[in-house]
1. Do any residues in segment 1-13 that are in contact (Cβ under 8 Å) with a residue 24 or more places away in the chain and charged (D, E, K, R) have Cβ atoms under 9 Å from those of residues that are surrounded by fewer than 22 Cβ atoms within 10 Å (Cβ to Cβ) and part of a loop (DSSP other than H, G, I, E, B), where the two are at least six apart or on different chains, and which pairs are they?
2. Please work out which one of (1) at pLDDT 95 or above; (2) surrounded by fewer than 19 Cβ atoms within 10 Å (Cβ to Cβ); (3) not in a helix (DSSP H, G or I) is the condition Asn98 fails and give its number.
3. Restricting the search to segment 115-132, which residues are surrounded by fewer than 19 Cβ atoms within 10 Å (Cβ to Cβ) and either at pLDDT below 95 or more than 14 Å from Ile56 (Cβ to Cβ) (or both)?
4. May I ask you to verify whether Ala29 is hydrophobic (A, V, I, L, M, F, W, C) and farther than 20 Å from Arg130 by Cβ?
5. Among the numbered criteria (1) in a helix (DSSP H, G or I); (2) in contact with a helix residue (DSSP H, G or I) (Cβ under 9 Å, 6 or more places away or on another chain); (3) of a type in the set (Gly, Ala, Ser), which single criterion is violated by Ser105?
6. Consider segment 133-153. How many of its residues are surrounded by 14 or more Cβ atoms within 10 Å (Cβ to Cβ), modelled with pLDDT of 95 or more and in contact with a helix residue (DSSP H, G or I) (Cβ under 8 Å, 6 or more places away or on another chain)?
7. Among the numbered criteria (1) loosely packed, with under 15 Cβ neighbours inside 10 Å; (2) modelled with pLDDT of 95 or more; (3) of a type outside the set (Asp, Glu); (4) over 23 Å from Gln120 (Cβ atoms), which one does Arg76 miss?
8. Can you name every residue in segment 107-152 that is within 16 Å of the chain's Cα centre (by Cα) and among the charged types (D, E, K, R)?
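The values are calculated or read from the model by the stated rules, or taken from the named source; none is laboratory data. Since we're looking at a predicted model, the values are computed, not measured. Cβ atoms come from the backbone with ideal geometry, glycine included; neighbour counts cover every protein chain shown.
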Amino acid sequence: MRHLLIVSHCPSPNTRALTDAVVRGAQSAEIEGVEVHARQPLDAGPEDVLQANAVILGTTENFGYMSGALKDFFERIYYPCLEETQGLPYALFIKGGNDGTGARSSVERIVAGLRWRAVQDPIIMAGKFREEWLHPCEELGMAMAAGLEAGIF
């Protein structure tokens, strides 16, 4: 059994909808052999990351940075996971109030230190919420789970 960890900050119904779409895609009936664990950043810890074969990170853009909750997650898992999770495949989605680039760069600096491996470019959704954003989020979850199932990463 492969393990996909989804760590996403959901402070609003809109960000919850985006995360739910990622989870829905990851749990697609077409994918077998992948167990999905979705956690809020404050509820996830090193043991979750150490068990994961891949991670999807989700954050809001707060003051041009990742959410404080996701930063707290990284602060708690960084050293316990540093040597054990090098090469861990990850993907990122961002709900930005501005352009999302500050949140992207803040996450990418930390995962570079952890030596995790991005499997695709981040999905950045900036501005007022749009229903059309749900589809790429669902595709992200499905692609990551399918990649785990197929042994691609």
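1. Note: pairs meeting the criteria are Arg2/Gly33; Arg2/Asn53; Arg2/Gly151.
2. Asn98 satisfies every listed condition except (1).
3. The answer is Arg115, Ile124, Ala126, Gly127, Lys128, Phe129, Arg130, Glu131, Glu132.
4. yes
5. Condition not satisfied by Ser105: (2).
6. Residues flagged as surrounded by 14 or more Cβ atoms within 10 Å (Cβ to Cβ), modelled with pLDDT of 95 or more and in contact with a helix residue (DSSP H, G or I) (Cβ under 8 Å, 6 or more places away or on another chain) within segment 133-153 amount to 11.
7. (1)
8. Residues satisfying the conditions are Glu108, Arg109, Arg115, Arg117, Asp121, Glu138, Glu139.
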